[in-house]
Each structure stands twice: as C-alpha cells, then as structure tokens.
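One structure below.
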Amino acid sequence: MRFLYVMDPMCGWCYGFRPELEAFLANHSGIAVDWIMGGLAPDATQPMEEGLKQTISSYWHQIEARTQVAFNHDFWMLNTPYRSTYPACRAVISAQKLIEDGAPKMANAIQAAYYQQAKNPSLQNILAECAHTIGLDKTAFLSSLESTETEQELQQHLAISHQLQVSGFPSLFYLDDNNHAHPLALGFCHHKDLEQRFSQLQSK
C-alpha cells in the first residue's frame, strides 16, 4: 500500500497542487509516497521560442486564479528560459538518493527557486543552489546529477509514467496491496476531492 505521485518540478500545475497534496498526505502519514518524475520536457540548449514563452506565462495566471499559490512573473524578464525539465527531474532523483525525503525537499526547493525567486532551474548552477538549501553537499550532488545511474533511474521513472498512461501532471495514484494502481488525481484537484476518491476506494 503506497501512493505514486507522478510530477515534474518545473510543472506549474504541480506547484499549484502542492498545498492540496500536502494537506491530503498529512491525513495519511502512515502511507509511503513514491515520487515519480514524469519528465515534462527533454534536455534542450536552445532558448524557448517567444510563442511558447507567452503560452506558459499565461498558464501561470490561470494557475494563480484556481489555486492558493503565487508566481513571480519577473522570471520572464530576468531569464533566458529553456524548454528543458529533465535536469530538474534528475535533481529530484539525486536528492532522494542522498538524503531522507530528498525528493519532496528538492522538488519544493526547485519550485521555490523557479516560481518565487525567478531563478531558472534548467541551469545546473541553480539546481546546485537548490541542493545546498536542503543541506546537500554540492560536489556530491553534482556527481550524482551527472551520473549514468541517475539517467537510468530517470528513464525508469519515465517508463512507469508511460505504463500508468499518464498524459498530464500532477497525477496521484493509490497502489493497493495487489499492486493495482488507482488514480486519485489526473491533473489539478483539491484535497477534499482526493479524500473523497480515496475513501471510495477504501470502502470497496
């Protein structure tokens, strides 16, 4: 019995979902959570096209209107954005290997840097800063971040996401004692909805 949380640390809706997820998990602290990196956008070195920048920045306003979170919109003026989230996904995987609860800690640190401090977590130096804020040694973190093992783990995460037929983030599943995955969230929802769906599963 466990939860599978499929997300990307640079997904705006995952940032918006965070307060709802935390409220839900606080009521079920005895159930372990596996953080699965869904990999929103592969590695890229080309700056983001203007049209995509406008599309994503408009999403931020939509997410603010529906959730409890706020965005620092200065990001778009202060940075050269890249459509590249795999480095951030590897950072979460690396942190999970290095410290207890590393995945949620690093995901939260990346979201804080990106959405609140207007920093660019597509860049390795920003990810190293995030690692430092959660108590990781930068050298050990960067070694893990660039390792073949971490890349292999990311590919395993992507395979799990594909197996679960995840088409968007955030996605939360309940894995029962028979290893059957039951969706609790396929996209943003409120923690009350999660509770209702989980209760219905438990009563079956």
Query raised in the report: Using a 4.7 Å Cβ cut-off, which Cys residues in the chain lack a partner cysteine?
Result: Cys89, Cys130, Cys189
Report summary line: Dividing the surface of the Cα convex hull of the range 12-61 by four yields a projected area in nm² of 4.8 nm²
Query raised in the report: Counting only the heavy atoms of the protein chains, how much of Ile134 is accessible to a 1.4 Å probe, in Å² to the nearest 10?
Result: 40 Å²
Query raised in the report: Tell me, how many Å apart are the Cα centres for the range 127-163 and for the range 1-22?
Result: 18 Å
Query raised in the report: Given Cα pairs under 8 Å that are at least 6 residues apart, what percent is the relative contact order of the range 53-158?
Result: 28 percent
Report task. Using Cα pairs closer than 8 Å and at least 6 residues apart in sequence, work out the relative contact order for the chain, in percent. Result -> 29 percent
Requested in this report: Would you tell me the accessible area of His61, worked out with a 1.4 angstrom probe on the heavy atoms of the protein chains, in Å² to the nearest 10?
Outcome: 110 Å²
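Could you tell me the convex hull volume per residue, in Å³, taken over the Cα atoms of the range 17-94?
Values: hull volume 9.0 nm³, N = 78.
Per-residue hull volume (Cα only) is 115 Å³.
Assuming a ≥ b ≥ c are the square roots of the Cα gyration tensor eigenvalues, decide whether the range 150-204 counts as rounded (a/c under 1.5), prolate (otherwise, with a/b larger than b/c) or oblate.
On the way: a/c = 2.97, a/b = 1.65, b/c = 1.80.
Oblate, because a/c is 1.5 or more while a/b does not exceed b/c.
How many percent of the accessible area of the range 1-132 is carbon or sulfur, using a 1.4 Å probe? Numbers along the way, then the final one.
Details: 2780 of 5730 Å².
Here it works out to 49 percent.
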Query raised in the report: Where does helix 191-202 land angle-wise versus the long Cα axis of the chain, in degrees 0 to 90, nearest 10?
Result: 40 degrees
Query raised in the report: Can you pull the accessible area of Met77 for me, 1.4 Å probe, Å² to the nearest 10?
Result: 150 Å²
Report task. Please calculate how many Å² of accessible area the range 82-204 carries per residue, with a 1.4 Å probe and no DNA, RNA or ligand atoms counted. Result -> 50 Å²
Query raised in the report: Once a ≥ b ≥ c are taken as the square roots of the eigenvalues of the Cα gyration tensor of the range 8-143, is the result rounded (a/c under 1.5), prolate (a/b larger than b/c) or oblate (a/b not larger than b/c)?
Result: oblate
Query raised in the report: Taking the Cα atoms only, what angle lies between the long axis of helix 124-133 and the longest principal axis of the chain, rounded to 10 degrees?
Result: 60 degrees
Query raised in the report: What is the magnitude of the charge dipole of the chain about its Cα centre, with +1 placed on the Cβ of each Lys and Arg, -1 on the Cβ of each Asp and Glu, and no other charges, expressed in debye to the nearest 20?
Result: 300 debye
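The values are calculated or read from the model by the stated rules, or taken from the named source; none is laboratory data. Remember, predicted model here, so these are calculated numbers, not experimental data. Here the Cβ is made from the backbone with ideal geometry for all residues, glycine too, and neighbour counts use every protein chain on show. Heavy atoms of the whole protein, side chains included, go into the accessibility calculation; ligands, DNA and RNA do not. Shrake-Rupley method; radii C 1.70, N 1.55, O 1.52, S 1.80 Å.
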